[in-house]
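Asks: The structure's right below; bear with me while I get my questions together.
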Amino acid sequence: MNKNNFKRNQYVVTVCVLYILGCGKEPSEFELLNKPNPKGVYGNSLSNGIIRDVTQLLKNPDKYLNEDILATGIVKEVCPMRGCWIQISDDSTAGGIRVKVTDGEIVFPKSAKNHNVTVQGTFVRLDLSKDQAINWKVHLEAEKGIDLNPNDIILKEEDYFEYRINCAGAVIL
């Protein structure tokens, strides 16, 4: 084999290896969080069943507590740090429901805001002590880059609990 053939073969092998390595690369959490088009399936595929809207769930939450549910709404907010939660609502609910995933398992992109979503998971109520409620408010504002003094926080009754869906899968339209 002459020198030119050897270099050409070496070049071809190098290009093939780089191509294969590049194809197998998983997107980083940063890339997933900043994905421009949020449409798609996140986590597990959704099963068939009755899809409830946020108003139905919040009107009679005890009926659905600790049940595996399908829920639909509009993404009103996305965790700006890791994409580990979304807040969903519909036109008739002010607060909505937080949809929480295990950090890093599913990353909701920030571009999901104002998109329709259907989620599946366990509907739960998270009860908070006074300190937990204050720390939660501080944490949520810190995620947005806002420094909040815990001593300035005045809690309302609804600050002591939060309804959530511990999400296993979602479809963003």
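The values are calculated or read from the model by the stated rules, or taken from the named source; none is laboratory data. Keep in mind that this is a model prediction, so the values were computed, not measured. FYI the Cβ positions are ideal-geometry reconstructions off the backbone, even for glycines, and counts take in every protein chain you see.
Asks: Collect the residues in segment 154-171 that are without any contact (Cβ under 8 Å) to a residue 24 or more places away in the chain and either of a type in the set (D, E, K, R) or within 14 Å of TRP85 (Cβ to Cβ) (or both), keeping them in residue-number order.
Replies: Kept after step one, since they are without any contact (Cβ under 8 Å) to a residue 24 or more places away in the chain, are these residues of segment 154-171: 154, 156-157.
Correct list: LYS156, GLU157.
Every residue, every condition in (1) within 22 Å of the chain's Cα centre (by Cα); (2) at pLDDT below 95; (3) among the charged types (D, E, K, R), yes or no:
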{"site": "VAL12", "(1), (2), (3)": "no, yes, no"}
{"site": "GLY22", "(1), (2), (3)": "no, yes, no"}
{"site": "ALA71", "(1), (2), (3)": "yes, no, no"}
{"site": "PRO80", "(1), (2), (3)": "yes, yes, no"}
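Asks: For segment 49-59, what are the residues that are among the polar types (S, T, N, Q) and at pLDDT 95 or above?
Replies: In the first step, residues of segment 49-59 are kept if they are among the polar types (S, T, N, Q); the result is 55-56.
Passing the criteria: none in range.
Asks: Evaluate the following for GLY96: is it in contact with a Ser or Thr (Cβ under 8 Å, 6 or more places away or on another chain), surrounded by 18 or more Cβ atoms within 10 Å (Cβ to Cβ) and of a type in the set (Gly, Ala, Ser)?
Replies: Numbers: in contact with a Ser or Thr (Cβ under 8 Å, 6 or more places away or on another chain): yes; surrounded by 18 or more Cβ atoms within 10 Å (Cβ to Cβ): yes; of a type in the set (Gly, Ala, Ser): yes.
Against the criterion (in contact with a Ser or Thr (Cβ under 8 Å, 6 or more places away or on another chain), surrounded by 18 or more Cβ atoms within 10 Å (Cβ to Cβ) and of a type in the set (Gly, Ala, Ser)), GLY96 qualifies.
Asks: Something else about it: Which residues, counting only those in segment 40-65, are more than 11 Å from THR118 (Cα to Cα), touching a helix residue (DSSP H, G or I) at 6+ places or on another chain (Cβ under 9 Å) and not polar (S, T, N, Q)?
Replies: Hits for segment 40-65 are LEU57, LYS63, TYR64.
For (1) more than 21 Å from the chain's Cα centre (by Cα); (2) surrounded by fewer than 11 Cβ atoms within 10 Å (Cβ to Cβ); (3) not polar (S, T, N, Q), each residue gets a yes or a no:
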position: GLN120; (1), (2), (3): no, no, no
position: ARG125; (1), (2), (3): no, no, yes
position: LYS130; (1), (2), (3): yes, no, yes
position: GLU141; (1), (2), (3): no, no, yes
position: ILE165; (1), (2), (3): no, no, yes
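Asks: Which of the residues that make up segment 24-48 are loosely packed, with under 10 Cβ neighbours inside 10 Å and either at pLDDT 90 or above or touching a strand residue (DSSP E or B) at 6+ places or on another chain (Cβ under 6 Å) (or both)? Let's see the steps before the verdict.
Replies: At the first step, the residues of segment 24-48 found to be loosely packed, with under 10 Cβ neighbours inside 10 Å are 24-26, 36, 45, 48.
Listed by number, the residues that qualify are PRO36, SER45, ASN48.
Asks: While we're here: What is the one condition in (1) in contact with a strand residue (DSSP E or B) (Cβ under 9 Å, 6 or more places away or on another chain); (2) closer than 19 Å to ALA168 by Cα; (3) surrounded by 12 or more Cβ atoms within 10 Å (Cβ to Cβ) that PRO61 does not satisfy?
Replies: (2)
Asks: If you check every pair at least six apart or on different chains, which have Cβ atoms under 6 Å apart with a residue in segment 24-48 that is over 27 Å from LEU70 (Cβ atoms) first and a residue that is loosely packed, with under 12 Cβ neighbours inside 10 Å and not basic (Lys, Arg) second?
Replies: Correct list of pairs: empty, since none qualify.
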